[in-house]
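Readers should treat all values here as calculations from the given coordinates under stated rules, not as data from a laboratory. Since we're looking at a predicted model, the values are computed, not measured. With ideal geometry, Cβ positions are generated from the backbone for all residues, glycine too; neighbour counts draw on all protein chains shown.
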Amino acid sequence: MASKIQESLLRQSATVLEEWAMMMIDEPKGGLETFADGEEFLIVEMPFLCDGKPAGSTFAIAQRPLCNIVFENVLGSVEGDEMTDVHRSDAFRELLNIVTGHFVSDYFTDDAVVVLSAPTFHVAQRDEVEKIVNAESAYLIADEQPVVFTYRPN
């Protein structure tokens with residue numbers, strides 16, 4: 001049975017991926033094993049405050065193919081150059097920004113004052129990802145690529 005956090009993350013991330021990033025969504029049959037072996041992970045983290053106190057961070061975790069699709073669907077193609085992690089970072093950080101806005105509006109009370117921090121982006125290996133995800137993480141398949149969203153409260 002999904003927790004309130006996981007239900008909210010699944011609902012809000014699926015909505016944003018479908019409506020904003022124009023992607024087809026499926027639920028995966030598994031967790032991290034749905035990701036490609038041997039490929040690096042791209043991680044975006046967004047800390048935020050709720051009523052003036054640190055409330056935790058949301059995370060989006062994927063691999064380069066998903067970030068390429070998000071960039072192309074939302075920002076267009078890269079003119080004359082190969083797509084870089086700078087391009088992927090722009091698109092992936094904006095995706096988490098929107099998902100987090102939807103999540104905090106859904107999960108926290110209407111009268112809560114939430115302040116989002118700027119999202120950070122970095123490349124990681126599977127062992128770091130395993131330390132971030134938890135039982136409440138929301139795994140999805142977007143345009144045949146795995147992605148996971150996580151909330152880690154303080």
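Brief remarks follow.
- In the condition set (1) surrounded by 15 or more Cβ atoms within 10 Å (Cβ to Cβ); (2) in a helix (DSSP H, G or I); (3) among the hydrophobic types (A, V, I, L, M, F, W, C), residue 59 is compliant with all but (2).
- Some residue of segment 71-86 being surrounded by 13 or more Cβ atoms within 10 Å (Cβ to Cβ) and in contact with a Pro (Cβ under 9 Å, 6 or more places away or on another chain): no
The rows are residues; the columns are (1) over 16 Å from residue 48 (Cβ atoms); (2) in contact with a Gly (Cβ under 6 Å, 6 or more places away or on another chain); (3) hydroxyl-bearing (Ser, Thr, Tyr).
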position: 63; (1), (2), (3): yes, no, no
position: 67; (1), (2), (3): yes, no, no
position: 86; (1), (2), (3): yes, no, no
position: 104; (1), (2), (3): no, no, no
position: 109; (1), (2), (3): no, no, yes
position: 114; (1), (2), (3): no, no, no
position: 122; (1), (2), (3): yes, no, no
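- Qualifying residue in segment 33-41 (condition: in contact with a Ser or Thr (Cβ under 8 Å, 6 or more places away or on another chain) and buried (at least 16 other Cβ atoms within 10 Å of the Cβ)): no
- Meets criteria (of a type in the set (Asp, Glu), touching a residue at least 40 places away in the same chain (Cβ under 8 Å), exposed (fewer than 15 other Cβ atoms within 10 Å of the Cβ) and more than 16 Å from residue 148 (Cα to Cα)) for residue 51: yes
- Just one of (1) in contact with a Phe, Trp or Tyr (Cβ under 7 Å, 6 or more places away or on another chain); (2) under 20 Å from residue 16 (Cα atoms); (3) hydrophobic (A, V, I, L, M, F, W, C) fails for residue 95. It is (1).
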